[in-house]
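Participant: Quick one: structure below, then a few questions.
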Amino acid sequence: MAQEPVLAVESLRVEFATGDAPPVVAVSDMSFEVHRGETLCIVGESGCGKSLTALSILRLLPRPYGRIGAGRVLLDGRDLTTVSEAEIRAVRGRAISMIFQEPMTSLNPVLTVGRQIAETVMVHEGLSWQDCMDRALEMLRQVRIPEPERRLHEYPHQLSGGMRQRVMIAMALACRPRVLLADEPTTALDVTIQAQILDLIRDLQQETGAAVVLITHDLGVVAEMAQRVLVMYAGSKVEEGSVEEIFDAPSHPYTRGLMAAMPHLGGGRGKRLNEIPGVVPALDARPPGCAFAPRCMQAVARCHAEAPPLVQIGGTHTVACWAHGQGARA
Amino acid sequence: MTGKTSVLDVQGLVKHYSVGRGLFGSGRRRLHAVDGVSFAIAPGETLGLVGESGCGKSTVGKAVLRLVEPTAGRIVLEGEDITSLSRSALIAKRRKMQVIFQDPYSSLNPRMTAGEIVQEPLINFGIGTRAEQQERVAALFARVGLRPDQRNNYPHEFSGGQRQRLGIARALALGPSVVIADEPVSALDVSVQAQVINLLMDLQEEYGLSYLFIAHDLGVVEHISHRVAVMYLGKIVETAPRDMLFAEPRHPYTEALLAAVPVSHPRMRRRRVVLKGDVPSPINPPSGCRFHTRCPIAVARCREEEPALLGDSSGHSVACHLRTPAN
Ligand SMILES: Nc1ncnc2c1ncn2[C@@H]1O[C@H](COP(=O)(O)OP(=O)(O)OP(=O)(O)O)[C@@H](O)[C@H]1O
Ligand code: SF4
Ligand SMILES: [Mg+2]
């Protein structure tokens, strides 16, 4: 793509530092770009560092121990890791907004839904209160909440889980952000409601041209939503490509393993599922070499000793595995 | 699976909860968690029970186990009616029916070692000598894929998948014939989920276990079940042998549920019919067919008259005025 990315993360390292001990690295050497109107899905299992990656973009890492150890986060070319507190606050909710798995963590239980959305608009755009409330109503309509005039005056606890998620999306999109970070936005929802929310995110993205970074553990959601896919394992990117590249030619043994482990409709009824033996290593016990090596059927001696670099194996397809591409030939 | 006598036979199961007053109403109200559910499970069979959050799946499981007292209905376990057994008689019978929960952590005593957790039911039922019990525990650990040295660890020292293995070992200690598994893999990562599903399927084959497998993930249910029952607002709306249900769903709700499942490959993306709105409240469920408020094909009759669950000879039953077996 000739066009400049809206958001670019370059060699990001997230670490946790406690006392005098050397910091524990949770995410290392993470890089990706997202363009206008594009959806990048970051996929991986719990604890692989998906959420930390997203949180570090907005400098919302858990305090006091979490910090960005290295790397840059560029929003339209401006490095967010070095701007002032005031500047990053102005970015949050305006240029970049974030939605979470559990809407109650970002909704205030004692304020009406309308007031919360309106306040976000007020803070960032300084319109009159009436204009802000009008925008709130318009947003509720846009996220297709039934009877928006009534809902405007209700409190979060009066809404169902699906409706709360819609309110959070309404709030996130109220200032027309250029980037939407969505961290497992449908994981807590039923499939029929998940389908509604995914359709909604897709439609709103088409209308506003926002770049979307969607974090999920569900390859089905990836297949539905992504243009680009980034697979994470134990804090690192192990594979990246277009959604077609990843689903047609999954190349990292972990990506392949995940795909074969997931029961999906119409697939291999009653047969054994592919297992990935063992478990994800703990943060402070990640092995040297390739972090996946202890669980990998294809691992050779080198995998246990030396971390594989990311190499290009196709058009926009990269993978970090000694058994692939230049790595295999080297 | 017809012809064989069932291990578990549930008829007309009802569970109503009495809940606090509403915003304006007076007095307590009835919440219809389960409203007339019937099913039978044959030896070695898995019945998958699916439906959206709050439809009453877990309540069915709990009422069958009599962890909550059914409001009405009949539960027959291995030919014996256990619906009104006394507590002590029930406990003796419980040996034959065990349970596995979604979150094994909350159901395992944190102060007991893993070995003690698995041994406890054997002690409670006075089965074998201490040495024999220890042997059985060791065999169970090996069978579910836990290391012998892990017997001395406490639940918090296990990963989610290992805790689920521990829960399974405990459930199997007494040699049950029926296992009620309530979302046993929902909290697990995909790679570990596959391990536990495979284990459950292997154990079924080995011991001829019957499962009532409660889950909301249709992919998992399709994978593991022989037969599937779909619940909506406290009722079974459709039940059929697995392949039939997934290939030719008849109830509009089952259709919508299947259509909502994400595709498995980006080339299969399509504009699907998305079910509108939310599930109504089980306090005052809709009249007539409970699905009529969201049903894309509802007619006037649906609002007034409740459709019966009618079956055909292939074992496919559906509760819908417009999609009776004859149609
Ligand atoms: N002890 C209780 N008192 C009152 N209402 C209850 C109680 N237990 C369950 N309910 C209600 O009964 C209905 C069915 O609940 P149940 O837990 O069986 O649903 P479920 O299908 O298992 O949902 P999920 O998929 O979320 O686990 C719900 O509306 C629930 O709120
Ligand atoms: S009975 Fe009527 S409302 Fe109910 S599922 Fe059938 S068509 Fe729809
Ligand atoms: Mg439940």
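Participant: For the list (1) among the aromatic types (Phe, Trp, Tyr); (2) within 14 Å of chain B (Cβ to nearest Cβ); (3) open to solvent by 20 Å² or more (accessible area, probe 1.4 Å), I need the number of the one condition that A:Trp322 fails.
Facilitator: Here A:Trp322 meets the rest and fails (2).
Participant: Given the structure, is B:Ile168 under 29 Å from A:Val280 (Cα atoms), more than 16 Å from ligand 3 (Cβ to nearest atom), away from every other protein chain (no Cβ under 11 Å) and not hydroxyl-bearing (Ser, Thr, Tyr)?
Facilitator: Criteria met by B:Ile168.
Participant: Does B:Gly51 qualify as being within 13 Å of ligand 3 (Cβ to nearest atom) and either under 24 Å from B:Ser18 (Cβ atoms) or modelled with pLDDT under 95 (or both)?
Facilitator: Judged against the criteria, B:Gly51 is a match.
Participant: If B:Tyr253 passes every condition in (1) over 22 Å from A:Leu200 (Cα atoms); (2) surrounded by 24 or more Cβ atoms within 10 Å (Cβ to Cβ) but one, which one does it miss?
Facilitator: (1)
Participant: Considering only residues of the range B:193-240 that are facing chain A (nearest Cβ under 8 Å) and among the polar types (S, T, N, Q), which is farthest from B:Leu65 (Cα to Cα)?
Facilitator: That would be B:Gln195.
Participant: Filter the range B:282-299 down to the residues that are open to solvent by 60 Å² or more (accessible area, probe 1.4 Å) and within 14 Å of chain A (Cβ to nearest Cβ) and list them by number.
Facilitator: Correct list: B:Thr293, B:Pro296.
Participant: Additional query: Taking the criterion of being hydroxyl-bearing (Ser, Thr, Tyr) and open to solvent by 10 Å² or more (accessible area, probe 1.4 Å), would at least one residue in the range B:192-208 satisfy it?
Facilitator: yes
Participant: Here's a follow-up. Looking only at the range B:34-46, how many residues end up being closer than 21 Å to B:His251 by Cα and either among the aromatic types (Phe, Trp, Tyr) or buried (at least 24 other Cβ atoms within 10 Å of the Cβ) (or both)?
Facilitator: 3
Participant: What strands (runs of 3 or more DSSP E) lie completely within the range B:46-114 and have 3 or more residues being under 17 Å from B:Ser186 (Cα atoms)?
Facilitator: Values: elements: B:46-50, B:72-77, B:97-100.
By residue number, B:46-50.
Participant: Check A:Ala182, A:Ala223, A:Ala261, A:Ala172 and return the single one that is more than 8 Å from every other protein chain (Cβ to nearest Cβ), closer than 30 Å to A:Leu310 by Cα and out of contact with any Gly (no Cβ under 7 Å at 6 or more places or on another chain).
Facilitator: Selected residue: A:Ala182, the only one of A:Ala182, A:Ala223, A:Ala261, A:Ala172 that is more than 8 Å from every other protein chain (Cβ to nearest Cβ), closer than 30 Å to A:Leu310 by Cα and out of contact with any Gly (no Cβ under 7 Å at 6 or more places or on another chain).
The values are calculated or read from the model by the stated rules, or taken from the named source; none is laboratory data. Just so we're clear, the structure is a prediction, and the values are computed from it rather than from any experiment. No Cβ is skipped: glycine too gets one built from the backbone with ideal geometry, and neighbour counts run over all protein chains shown. All accessible areas refer to the heavy atoms of the entire protein, side chains included, with ligands and DNA or RNA removed. Shrake-Rupley method; radii C 1.70, N 1.55, O 1.52, S 1.80 Å.
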